[in-house]
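Please treat every number below as a calculation from the coordinates, not as lab data. Quick caveat, the model's predicted, so the values are computed rather than measured. No Cβ is skipped: glycine too gets one built from the backbone with ideal geometry, and neighbour counts run over all protein chains shown.
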Amino acid sequence: MLACLTLFLFLLPCALAHCTSKTMIRAFTIFCKLNFIKLSAMELFTEAMRDFSKDKLSTLVFPCPFCGTKHPHWSEFASYERDLISYEKSLAVTYKITVSRIICSSCGHTHAILPEIIIPYSSYSLIFILKVLRDYYLSHMTVQQLCDKYTIAASTLYSWKQLFLLHKKLWLGVLEDAVTKPLTFLSSLPSAATSDELACFFQSQARSFLQGVTKTAHFNSA
Ligand SMILES: [Zn+2]
């Protein structure tokens, strides 16, 4: 937990300094918690947002990703709704979640708070995509059966596979990637170490794991 907290507090400014869009704050803490497996995507989101609740914002010690001020005064600015699609109890479930935007007292820029189960600009949760890919590499179903199970298009599946293989290489490095089968890598995700690893990926790549190319970083659609 301490390691996660360290990354939470100190990696983000570095990561976001290189990010093309500085309008979001990524919070990597939830997979550190041992009971995450038992929680729904909605419960994971709610849990992750506790650190950014309205009553805690005034005491939040968090550097601004845009101006770099170490201890700005944060306050609530706005919120917006988005979908978060999960796969629970053998069904694809779409939750409506409310994403908070907070404003930096130093520069006036606002930032959406996105916990790690959210992939920016995608409605599908990280856990959902990992589950689809694990099923795909297990090869116990045809592509059509798999797409029917998760109610996704085959083109979506193949685009996730392509992105996954690219990001796996970036995550592991070329040498380790070459000797690590996709299913072996997938079987290690998510674990208690995943929050830290996702933070490292975000820091080094200036984008989130399994985040596709964003043509336009819309203000309120992350
Ligand atoms: Zn600022």
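Things to note:
- Cα gyration tensor shape of segment 2-205, rounded if a/c is under 1.5, else prolate or oblate by comparing a/b with b/c: prolate
- Here the peptides 80-89, 40-49 are ranked by packing, the mean other Cβ count within 10 Å, and the order with the highest first is 40-49, 80-89.
- Label-point separation in nm, residue 123 to residue 51, each point 7 Å along Cα→Cβ: 2.9
- Cα-projected label distance for residue 70 with residue 193, points at 7 Å along beta-carbon direction, nm: 3.1
- Karplus-derived 3J(HN,Hα), 6.51/-1.76/1.60, for each residue of segment 51-60, Hz, glycine and proline x: 5, 10, 5, 3, 6, 9, 4, 5, 10, 5
- Net charge contributed by nearby residues that have their C-beta within less than 15 Å of residue 155 (K/R +1, D/E -1): 0
- Ordering of 116-127, 168-179, 200-211 by packing [mean C-beta count within 10 Å, highest first]: 116-127, 200-211, 168-179
- Zone residues, segment 89-119, relative to residue 148, backbone N less than 19 Å from point 7 Å out along Cα-to-Cβ: 90-93
- Residue by residue, segment 154-165 carries 3J(HN,Hα) couplings of 4, 5, 5, 4, 5, 5, 5, 4, 4, 5, 4, 5 Hz when phi is fed to the Karplus relation 6.51 cos²θ - 1.76 cosθ + 1.60 (θ = phi - 60°); x denotes Gly or Pro.
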